[in-house]
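So the structure is just underneath, and the comments pick up after that.
The values are calculated or read from the model by the stated rules, or taken from the named source; none is laboratory data. Computed from a predicted structure; not experimentally measured. Here the Cβ positions follow ideal geometry from the backbone for every residue, glycine too, while neighbour counts run over all protein chains shown.
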Amino acid sequence: MPNDSQPELRPEYPIRTARLLLRPLTERDVKALLAYRARPEVCRYVPFEPMDRQMILDRLAGPWARTALTDEGQSLTLGVELAGTGELVGDVVLFWHSREHRGGEIGYVVSPEFAGRGYATEAAAALLRLGFGELGLHRIVARVDERNEASAGLARRLGMRQEARLVHNELFKGEWSTELDFAMLADEYPGPGQGGGAAT
């Protein structure tokens, strides 16, 4: 458990789940990242535009290079790899928003070729375990475009509570977006092996 006065997160990699390995992204992942992050349909409801090779290389050299969380305002992006085959199927991110309020946020994206198999749920559950169990967060949220039904369903499978529906609160990629806000508190987190720790 982290020191209460100076919490930080320094995971040992890879982080293992039932079927997945979560690990830092590297240049060897560029082709796999392009296979889904360059696709308009994947990017439609998430806060990034379709990426080209240079954009991915810039991210790998910048924010995606971080392997630990040492202070608020930082984020940790990890690749989601199939343990059995070594294929990269997506990536997940844990944001540390506030040290004082012990607040964080999770995000997730999976290649359409691997959708519907519970990989995103399994990987996101591992982020909750890191956030609550190792970083000592009090509250973790997920913010979802209402039209992204798969993403909202994932938050519900994790056991996150929908707390708000913000109607047309943001002009997002040229159209008004209605945001669903989900959250879980540390004392609501069921722990490893429960509440979405396995694929659903």
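Going residue by residue through the range 16-25, is there one that turns out to be part of a loop (DSSP other than H, G, I, E, B) and under 16 Å from the mean Cα position of the chain (by Cα)?
yes
Within the range 55-77, no residue that is more than 13 Å from Leu25 (Cα to Cα) and acidic (Asp, Glu) sits with its Cβ atom under 7 Å from a residue that is modelled with pLDDT of 95 or more and part of a helix (DSSP H, G or I) at 6+ positions apart or across chains. Counted as qualifying within the range 72-181 are the strands (runs of 3 or more DSSP E) with 2 or more residues that are closer than 21 Å to Pro50 by Cβ and β-branched (Val, Ile, Thr), namely 75-82, 88-98, 103-110.
Residues in the range 157-172 that are out of contact with any strand residue (DSSP E or B) (no Cβ under 7 Å at 6 or more places or on another chain), under 27 Å from Tyr119 (Cα atoms) and exposed (fewer than 14 other Cβ atoms within 10 Å of the Cβ): there are none. Among the residues of the range 173-189, those identified as hydrophobic (A, V, I, L, M, F, W, C) and either touching a helix residue (DSSP H, G or I) at 6+ places or on another chain (Cβ under 8 Å) or in contact (Cβ under 8 Å) with a residue 60 or more places away in the chain (or both) are Leu180, Phe182, Met184, Ala186.
For the range 35-54, residues that are assigned to a helix (DSSP H, G or I), in contact (Cβ under 8 Å) with a residue 12 or more places away in the chain and surrounded by 14 or more Cβ atoms within 10 Å (Cβ to Cβ) total 4.
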